[in-house]
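The values are calculated or read from the model by the stated rules, or taken from the named source; none is laboratory data. All of these numbers come straight from a predicted model, not from anything done at the bench. Cβ placement follows ideal geometry from the backbone for every residue including glycine, while neighbour counts extend to all protein chains displayed.
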Amino acid sequence: MTRRQLLQQLGSGFGAMSANALMAAESAPAPTPLDPKAPHFAPKAKHVIYLFLNGGPSQVDTFDPKPQLTKFHGTKAPSGNLKTERRTGTLLGTPFKFHRHGQSGLEISEIFPHLAKSADDLCVIRSMYTERPNHEPSLMMLNSGHVLPGHPSMGSWLTYGLGTMNRNLPGFVVLCPGVPVIGPQLWTSAYLPSIFQGTYLPNNESAPDKLIQHLRNNTLAPEAQRRQLDLVTRLNQMHLQREGVDPQLEGRIQSMEAAFRMQSEAMEALDVSKEPEAVRARYGEGDFARGCLIARRMVERGVRMVQVYYGNGQPWDNHDDIMIHKRLAGTSDAAMGALLEDLRTSGLLKETVVMIGGEFGRTPSVEVSGLVKVQNGRDHNNHGFSMVLAGGGVKGGIAYGATDEFGFKAVDKRVHPHDVHATILHLMGLDHTRLTYRYSGRDFRLTDVAGTVVKEILA
């Protein structure tokens, strides 16, 4: 070999080394705002599943038994009725029986037999209360910690604080077969960067490509899409350098990157047909059942938070006839029970907080306003209601706090939504007073200027 040939081969080798280095740099995943972030302290949980029974389920017909209410059915409450949204009359005893379940003996209504099998994992907070007796502000409070719109949802705060564990899926997923009251305001990122907004999926659809429309590119191969996206990103970055910070443009850049990555995994995660028929049978039929099954599959793949709304509008808003609760429970109970069973079997329940509840409760007295056709229902009740927690470091088999003898008002160990949010963040390793975002001249947080961790319910 001549000296010239030796130098040529060495030169080619150096070039190949440089090319390999460049290719490695290009193939290395670029950091994103959704990359995992360190919590403030060691967490008990890594995920949240929020099963939202929108409309306001009745605490005295589900998780808060009141023998006195049954005893004095049809009579006036001795202390009178508290002010709610509509006029109410005499006390209305529950048509459902309560039974004790598990080693703990936790009392649960007969309309939830499957959920009751997990009684020893459940923590029923019976002393919830909030400020407003109408849907919109109470929905906002339970989801974003404020009664007015324009603030980030809990899922947005969690992904802002912790990121997510799978860059090929959204950090925060919202499932609803339609739109609940208020709609996207319930999963907005508001003044947080838009990448933290919830990804809405209409779970009345079963085919993955209908759950997320237009995700797959049937024209370009992934490599061509990557080159196209890189070009658009460079042009956008040039625009940002020239014009300055533009949160909306930055959000669009990040959204396109997230959508590109989702092509590799989202469709498979959403395809519940891949589950064995026996598993699907345990969850049952219907939109909510499908949502619970998708929630489990999402959490198994590292999604930080999944919120499943029971249905379109406000289905648990039973002003006319409380017997409708039985039908609603019939299409949700099996799914909730199966979800908890599967999480427990796989070990994921230890690191997943499951929340079950609505925006408020219902009155123990019958509604008698002129707006109802059948006087066998209950009005909204923000003075006292129940929320169920399970897993993720929550103490199971307990009832915490209490309402009065008829279930109208929280009187013992009262818990505000701010306290629930502070507790959830604590389980996820976040100090709710330190998880802040500077906007419009002040530091905002999920719990506003309130909130106390409910330490008594922590395992």
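Structure above, values below:
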{"quantity": "Count - residues of segment 385-399 that are surrounded by 24 or more Cβ atoms within 10 Å (Cβ to Cβ), touching a Lys or Arg at 6+ places or on another chain (Cβ under 7 Å) and on the phi < 0 side of the Ramachandran plot", "calculated": "1"}
{"quantity": "Selected residue [part of a loop (DSSP other than H, G, I, E, B), modelled with pLDDT of 95 or more and over 22 Å from L162 (Cα atoms)] from H325, H319", "calculated": "H319"}
{"quantity": "Test: residue in segment 114-122 that is of a type in the set (D, E), in the same structural domain as L389 (by TED's automatic domain parsing) and within 25 Å of S138 (Cα to Cα)", "calculated": "no"}
{"quantity": "Single residue of segment 417-451 satisfying the filter (in contact with a strand residue (DSSP E or B) (Cβ under 8 Å, 6 or more places away or on another chain) and in a loop (DSSP other than H, G, I, E, B)) that is surrounded by the fewest Cβ atoms within 10 Å (Cβ to Cβ)", "calculated": "T436"}
{"quantity": "Residue within segment 214-233 that is modelled with pLDDT of 80 or more and closer than 21 Å to A269 by Cβ present", "calculated": "no"}
{"quantity": "Matching residues, segment 54-68, being buried (at least 22 other Cβ atoms within 10 Å of the Cβ) and touching a residue at least 60 places away in the same chain (Cβ under 8 Å)", "calculated": "N54, G55, G56, P57, S58, Q59, V60, D61, T62, F63, D64, K66"}
{"quantity": "Residue list for segment 42-69, filter: on the phi < 0 side of the Ramachandran plot and small (G, A, S)", "calculated": "A42, A45, S58"}
{"quantity": "Selection status of G155, in contact with a strand residue (DSSP E or B) (Cβ under 7 Å, 6 or more places away or on another chain), closer than 30 Å to F444 by Cβ and in the same structural domain as W316 (by TED's automatic domain parsing)", "calculated": "yes"}
{"quantity": "Total residues in segment 83-115, condition buried (at least 21 other Cβ atoms within 10 Å of the Cβ), in contact with a Lys or Arg (Cβ under 9 Å, 6 or more places away or on another chain) and under 25 Å from L458 (Cα atoms)", "calculated": "3"}
{"quantity": "Checklist (1) more than 30 Å from S144 (Cα to Cα); (2) at pLDDT below 80; (3) surrounded by fewer than 16 Cβ atoms within 10 Å (Cβ to Cβ) applied to N236, failing item", "calculated": "(3)"}
{"quantity": "Test: residue in segment 405-414 that is on the phi > 0 side of the Ramachandran plot and surrounded by 20 or more Cβ atoms within 10 Å (Cβ to Cβ)", "calculated": "yes"}
{"quantity": "Every residue from segment 37-79 that is over 24 Å from H99 (Cα atoms) and of a type in the set (V, I, T)", "calculated": "V48, I49, T75"}
{"quantity": "Wholly enclosed strands (runs of 3 or more DSSP E) of segment 96-139 bearing at least 3 residues closer than 22 Å to G392 by Cα and of a type outside the set (V, I, T)", "calculated": "122-128"}
{"quantity": "Single residue of V173, V124, V147 found to be aliphatic (A, V, I, L, M), more than 18 Å from Y309 (Cα to Cα) and either under 15 Å from the mean Cα position of the chain (by Cα) or crowded, with 22+ Cβ neighbours inside 10 Å (or both)", "calculated": "V124"}
{"quantity": "Residue count for segment 315-363, restricted to those that are among the polar types (S, T, N, Q), surrounded by fewer than 19 Cβ atoms within 10 Å (Cβ to Cβ) and closer than 28 Å to L92 by Cβ", "calculated": "1"}
{"quantity": "Set R126, R132: member being under 15 Å from T403 (Cβ atoms) and either in contact (Cβ under 8 Å) with a residue 40 or more places away in the chain or among the small types (G, A, S) (or both)", "calculated": "R126"}
